[in-house]
Amino acid sequence: MKDFIFIGGGGFPGSVSFDSLLVETPDKKLIDTVKADVKPEDLIIIIYTSGTTGTPKGAAITHKSQLASAVAQVNHARITPEDCMLIIIPLNHVGGITCAVLSSLLGRTMGILIPFPDLNEIVEKARTYKPTIYGGVPTLYAILFMNQDFLALDFSNVRIAISGGSNAEPALLTQIQNVFPKAVVMNLYGLSETSGAVVLSPWECDFETTVRSIGKPIGNFRVQVIDGEGNALPAGEIGELCFRGDAVCSGYYRMPGATAESFDSDGWLHTGDMGFVDGEGYIVLKGRKKEMYVQGGFNVYPVEVENLIAKHPKVFMAADIGVPDPVLGEVGRCYIVPRPGTNPTAEEIIAYCREHLADYKIPRQIVLKDALPLTPVGKVMKLKLKEDFEKTGA
């Protein structure tokens with residue numbers, strides 16, 4: 001059976017209005033019966049991973065895991081009924097359904113649903129409701145900051161600006177801070193497999209630390225870094241990030257093999273993300289394990305290359321991948337979307353890299369593009385870039 005609930009009028013015979021749910025006296029006996037049939041470990045939703053570097057898998061999210069993430073986020077961000085947020089991220093993504101919808105429900109704050117990425121709607125609703133919390137992936141912020149109508153808005157009410165979902169370049173975080181001068185800028189890290197956020201920048205974090213790290217675990221979630229043999233690594237050493245806590249989902253839906261690879265018997269989720277924890281407990285993200293490539297015998301993490309190139313005044317977006325090379329084994333191939341009105345050349349981008357990067361990190365190939373393939377939530381689909389290169393060399 002399906003129930004259709006309409007907000008703001010409309011509907012059809014047999015449907016329910018949202019307003020009626022607020023005024024009707026609830027049937028306590030019916031509620032108790034329904035509650036008795038629902039257990040914390042029951043499946044509530046299946047969210048498919050973005051598939052930016054591999055085949056999407058269905059994360060089996062439970063009532064317990066989704067609530068654990070949302071409660072930790074609400075407590076950390078100090079969300080209250082006085083807040084207002086624009087809900088722009090699609091609801092088939094944990095950033096939308098957990099970090100935005102469920103957190104706003106738990107905090108009893110106002111959440112404004114907006115189709116993504118309708119810029120006119122975003123500007124109109126932001127002007128009308130004056131949000132106190134902004135949240136989105138880096139691509140969304142970059143697009144908003146190119147819209148003069150958005151930049152002309154009054155942001156004096158904004159107290160938190162959260163960037164999550166993918167790596168945010170230092171230049172973009174600086175721009176976020178400049179656009180929202182009264183806000184605390186926070187990074188958010190979470191996966192489909194963690195049902196939502198498990199890491200946020202601490203309130204006491206200085207901006208320089210926010211730029212270089214994704215923050216610390218929230219709630220009672222724990223992090224450890226392991227090497228290729230599964231051994232825990234000390235502070236400062238790069239390895240795979242693993243998380244444990246109630247936010248970790250129950251596994252991949254009907255995929256026991258993939259579940260066994262990523263979820264170990266001790267409750268640790270092996271994220272496939274590389275990074276390290278510094279001496280103060282801050283997590284520094286280096287990128288996906290599958291994205292790392294070996295150029296001339298040296299490990300290269302694309303995030304570092306992309307962060308540097310994104311600082312170039314003529315670059316709007318950058319995505320670095322490793323491709324085969326007969327001499328060096330693999331080399332970096334960086335796809336670049338220029339800023340409007342600019343015309344960068346491959347030579348000047350490589351020259352810029354030489355000024356700031358070690359030689360083995362400099363991409364050997366630069367490809368200028370009008371656009372990059374993105375997921376619905378705004379992440380670059382590097383798997384598609386690799387597939388296109390393998391098929392056409394483009």
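The values are calculated or read from the model by the stated rules, or taken from the named source; none is laboratory data. Quick caveat: nothing in here was measured; it's all calculated off a predicted structure. Positions of Cβ are backbone-derived with ideal geometry, glycine not excepted, and every protein chain shown enters the neighbour counts.
Give all pairs with beta carbons closer than 7 Å in which a residue from segment 234-245 that is assigned by TED's automatic domain parsing to the domain that holds Ser65 meets a residue that is in a loop (DSSP other than H, G, I, E, B) and modelled with pLDDT under 95; count only pairs at least 6 apart in sequence or on separate chains. Close Cβ pairs satisfying both conditions: Glu240/Lys289. Here Pro302 fulfils each of the conditions (1) without any contact (Cβ under 8 Å) to a residue 12 or more places away in the chain; (2) under 22 Å from the mean Cα position of the chain (by Cα) apart from (1). Taking the criterion of being closer than 22 Å to Pro90 by Cα and of a type in the set (Gly, Ala, Ser), the residues of segment 136-180 that qualify are Gly136, Ala142, Ala161, Ser163, Gly164, Gly165, Ser166, Ala168. Inspect all residues belonging to segment 57-64 and state whether any of them is at pLDDT below 85 and touching a strand residue (DSSP E or B) at 6+ places or on another chain (Cβ under 9 Å). There is no residue in segment 57-64 that is at pLDDT below 85 and touching a strand residue (DSSP E or B) at 6+ places or on another chain (Cβ under 9 Å).
Do you know which residues across segment 357-387 are assigned to a helix (DSSP H, G or I) and exposed (fewer than 14 other Cβ atoms within 10 Å of the Cβ)?
Asp359, Glu387
Quick one: is Leu102 among the hydrophobic types (A, V, I, L, M, F, W, C) and surrounded by fewer than 22 Cβ atoms within 10 Å (Cβ to Cβ)? Here the answer is no, as Leu102 does not meet what is asked. Need the failing condition index for Ile88 against (1) over 13 Å from Ile133 (Cα atoms); (2) under 18 Å from the mean Cα position of the chain (by Cα); (3) among the hydrophobic types (A, V, I, L, M, F, W, C), just the number. Here Ile88 clears every test but (1).
Suppose we keep only residues that are part of a loop (DSSP other than H, G, I, E, B) and surrounded by 18 or more Cβ atoms within 10 Å (Cβ to Cβ) within segment 65-97. Which one would you say is modelled with the lowest pLDDT? Outline the logic, then answer.
The initial filter retains those residues of segment 65-97 that are part of a loop (DSSP other than H, G, I, E, B), namely 78-83, 88-93.
Narrowing the set further to residues that are surrounded by 18 or more Cβ atoms within 10 Å (Cβ to Cβ) leaves 79, 83, 88-89, 93.
Values: Ile79: 98, Asp83: 98, Ile88: 91, Ile89: 88, His93: 91.
Only one residue fits best here, namely Ile89.
Taking every residue in segment 350-365 that is in contact (Cβ under 8 Å) with a residue 12 or more places away in the chain and pairing it with any residue that is polar (S, T, N, Q), at least 6 positions away or on another chain, the pairs with Cβ-Cβ distances below 6 Å are Tyr360/Gln295.
Scanning segment 1-29 for residues that are modelled with pLDDT of 85 or more and either assigned to a strand (DSSP E or B) or within 30 Å of Ser250 (Cα to Cα) (or both) yields Phe4, Ile5, Phe6, Val16, Ser17.
Within segment 30-51, the set of residues being among the acidic types (Asp, Glu) and not in a loop (DSSP other than H, G, I, E, B) comprises Asp32 only. What are the pairs with Cβ atoms under 8 angstrom where one residue, in segment 153-177, is touching a residue at least 40 places away in the same chain (Cβ under 8 Å) and more than 18 Å from Ala319 (Cα to Cα) and the other, located anywhere, is of a type in the set (Phe, Trp, Tyr) and crowded, with 18+ Cβ neighbours inside 10 Å? Sequence gap at least six, or different chains. Within 8 Å, the pairs are Ile160/Tyr134; Ile162/Tyr134.
Look at Asn231 and say whether it is assigned by TED's automatic domain parsing to the domain that holds Leu102 and farther than 19 Å from Gly165 by Cα.
Details: assigned by TED's automatic domain parsing to the domain that holds Leu102: yes; farther than 19 Å from Gly165 by Cα: yes.
It is true that Asn231 is assigned by TED's automatic domain parsing to the domain that holds Leu102 and farther than 19 Å from Gly165 by Cα.
Residues of segment 252-261 that are of a type outside the set (Val, Ile, Thr) and surrounded by fewer than 20 Cβ atoms within 10 Å (Cβ to Cβ): Tyr253, Arg254, Met255, Pro256, Gly257, Ala258, Ala260, Glu261. Taking the stated definitions as given, is Ile226 assigned by TED's automatic domain parsing to the domain that holds Thr139 and out of contact with any Cys (no Cβ under 7 Å at 6 or more places or on another chain)? Answer is no for this residue.
One residue stands out in segment 151-201 among those that are in contact with a Ser or Thr (Cβ under 8 Å, 6 or more places away or on another chain) and polar (S, T, N, Q): the one that is modelled with the lowest pLDDT, namely Ser166.
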